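Colleague: This structure is in structure tokens; I'll ask about it shortly.
Coordinate-derived values only; no laboratory data. This one's a predicted model, so the numbers in the text were calculated from it and none came from an experiment. Cβ atoms come from the backbone with ideal geometry, glycine included; neighbour counts cover every protein chain shown.
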Amino acid sequence: MQAAADALGELGPAGLSFSELARRSGVHATSIQRRWGSIENVILEALLDASQVRIAIPDSGELRRDLCGVARSLAGYLSSPLGEGIVRMMAASKDDYALAQSRAAFYKVRFNAAEVIIERAIARGELPQGTDAKLLLEMLSGPIYFRVLMTREVVDEGFIEKVVGVLLDGVRSGQRGATGVA
């Protein structure tokens, strides 16, 4: 996975091949191909491996700061050559069963790791019981992915603050509507 991450960072997804991985890792190309089946699967596993280290799950004691921290970490990862290249490849690649399974596993691990932020906010009374953690996290990360993949606009601190503010305003608005309290 380190050889794949290094190659992706240097060459991008288009430059990655089984022979390049073999050269860098000292493992025969056919062994790599037999184990992973496709370059896309190697890339997804490298993404999962790297993202567990690079995308922090903060615990500041306040939901707003924690969401901003996750957004900053995600934006930083996606703006790195490895993160940007892998995410662009995932968005552009044709799905097969193994690739779809790898992608689903990647996002499941990421969301499960980040759900603790929402669970802590519920325990502190910052969010209502029953808050859909996955949806909230998708709504946080969606604008960041959109800027990286579609518009290629900068994801700076001001943008992160706006996204988190709008997200929390929406959650609070929904909470008022559901409970009748402001």
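Colleague: With the Cα gyration tensor of region 2-179 giving a ≥ b ≥ c as the square roots of its eigenvalues, does the rule (a/c under 1.5 for rounded; else a/b larger than b/c for prolate; else oblate) give rounded, prolate or oblate?
Modeller: Values: a/c = 2.54, a/b = 2.14, b/c = 1.18.
Prolate, since a/c reaches 1.5 and a/b exceeds b/c.
Colleague: Order the peptides 8-21, 150-163, 67-80 from the highest to the lowest mean number of other Cβ atoms within 10 Å of their residues.
Modeller: Details: 8-21: 17.1, 150-163: 12.9, 67-80: 19.9.
Per-residue Cβ counts within 10 Å, averaged per peptide and sorted highest first, yield 67-80, 8-21, 150-163.
Colleague: Still on this structure, please answer the following. Beyond 18 Å, what share of the Cα-Cα pairs of region 1-47 remains, rounded to the nearest whole percent?
Modeller: Values: 111 of 1081 pairs.
That tail contains 10 percent of the Cα-Cα pairs.
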